[in-house]
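Report on one structure; see the data block that follows.
The values are calculated or read from the model by the stated rules, or taken from the named source; none is laboratory data. All values reported here derive from a predicted model rather than from experimental measurement. A quick note on method: Cβ atoms are made from the backbone with ideal geometry, for glycine too, and the neighbour counts reach across all protein chains shown.
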Amino acid sequence: MSHRIAVVGAGVIGLSIAHELAAAGSDVTVLTDAEPLETTSAVAGAVWFPYAAEHSPAVDAMLGASLRRFRAVADDPDAGVDIRSGIIIERTPTPDRAWTAWAEASPADPSELPAGATGMRTRVPLATMSQYLPWLQAQCEALGARIERRVVDDVDALARDFDTAVVAAGARGGELLGDDDTVVPIRGQVVRVANPGFWEFRIDDDAPGGLAYVLPRRDCLVLGGTHEAGQTSLEPDPEIEAAIIERCTALVPAIAGQPILSRAVGLRPGRERLRIEEVPGRALRVIAAYGHGGSGMTLSWGTAERVTSLVSPR
Ligand SMILES: Cc1cc2nc3c(=O)[nH]c(=O)nc-3n(C[C@H](O)[C@H](O)[C@H](O)COP(=O)(O)OP(=O)(O)OC[C@H]3O[C@@H](n4cnc5c(N)ncnc54)[C@H](O)[C@@H]3O)c2cc1C
């Protein structure tokens, strides 16, 4: 009998893991209490760029692995992943450019930058999550994985039907495993507006007044954002939204007056360190895979490859 694996979670992390495990020949069932398009992952911008997640050699290697995979995925027009050009705006004297080890970048033209800022122009993958997550789900299913809508409240009870459980439950991963209270939800609010024809991205982490980014999805421009550690309200706040639009319009004046298409809030799974490890002392083999903060899409394929290498030696 093949190795029966339950993956708890159908966000970008759970689905990417399910894909890799199914491709490696395992019998995979994804258990999720929300549809992929109802997850935090569906709220993400979602651009390949490290933000608010562990910074270490191990995680850096996963950045590179994910970038390589997303570049290949972008060859399939149905996947909803595009390689987009854009600018990372910098407002500190010694900006962290470690990411340029993987993505080619060159100094941005000063005429494209806010006064006093520097910046790097680069080309990286950007996923239209409303298209990418259903595509990824379909890829998993084509490889034989099943997606089952179910609340999991006891990981050990999965031992009845599975040999291994992978917990990819995002901001609820620690609570579900019951041995980790270090996950901090980081609230992120976005507003999606009609695209006036601007197909580049802008990311300005240290903009006056707060985080500002403009991300061209295929169906809208995603404007963000906020970084509110410990805040869990999923209601979009109109004052915050107005401030986001103001900051983003300062970056891309063509946004002014564009119709609002939708608004959303997500809770990033904040954790000082990414948790990808075997959890000892359980009724079945359990692997934790959560804590990606603001970099879940960015680290997704690297995470999936690492989890698969943890599972496969058996
Ligand atoms: C506004 C915003 C913008 C962002 N932009 C970017 C970006 O541009 N690039 C980037 O890389 N990242 C971005 N992120 C971060 C990214 O969204 C997260 O890191 C990522 O979604 C985490 O994915 P996940 O699969 O771990 O969690 P989630 O997407 O939250 O999925 C968790 C899954 O677990 C399931 N689950 C949880 N508990 C249980 C249970 N007990 N039983 C059954 N199922 C359960 C849920 O139903 C869900 O399916 C952004 C986040 C926000 C909020």
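Name the pairs whose Cβ atoms lie under 7 Å apart, with the first residue in the stretch 127-152 and closer than 18 Å to Leu21 by Cβ, the second among the β-branched types (Val, Ile, Thr) and more than 14 Å from the ligand (Cβ to nearest atom), and 6 or more positions between them or separate chains?
Hits for this filter: Ala145/Val28.
Going by what's in this entry, would Asp76 be described as at pLDDT 95 or above and among the charged types (D, E, K, R)? Steps first, answer last, please.
Working: at pLDDT 95 or above: yes; among the charged types (D, E, K, R): yes.
Judged against the criteria, Asp76 is a match.
Does Ser309 qualify as being over 16 Å from Pro185 (Cα atoms), within 13 Å of the ligand (Cβ to nearest atom) and either of a type in the set (Ser, Thr, Tyr) or assigned to a loop (DSSP other than H, G, I, E, B) (or both)?
Numbers: over 16 Å from Pro185 (Cα atoms): yes; within 13 Å of the ligand (Cβ to nearest atom): no; either of a type in the set (Ser, Thr, Tyr) or assigned to a loop (DSSP other than H, G, I, E, B) (or both): yes.
No: the conditions fail for Ser309.
Residue under question is Gly178, and the condition is that it be on the phi > 0 side of the Ramachandran plot, more than 21 Å from the chain's Cα centre (by Cα) and more than 10 Å from the ligand (Cβ to nearest atom); does it hold? Explain how you work it out, then say what you get.
On the way: on the phi > 0 side of the Ramachandran plot: yes; more than 21 Å from the chain's Cα centre (by Cα): yes; more than 10 Å from the ligand (Cβ to nearest atom): yes.
It is true that Gly178 is on the phi > 0 side of the Ramachandran plot, more than 21 Å from the chain's Cα centre (by Cα) and more than 10 Å from the ligand (Cβ to nearest atom).
Restricting to the stretch 80-107, give me the number of residues that are surrounded by fewer than 19 Cβ atoms within 10 Å (Cβ to Cβ) and assigned to a helix (DSSP H, G or I).
Adding up the residues that qualify gives 3.
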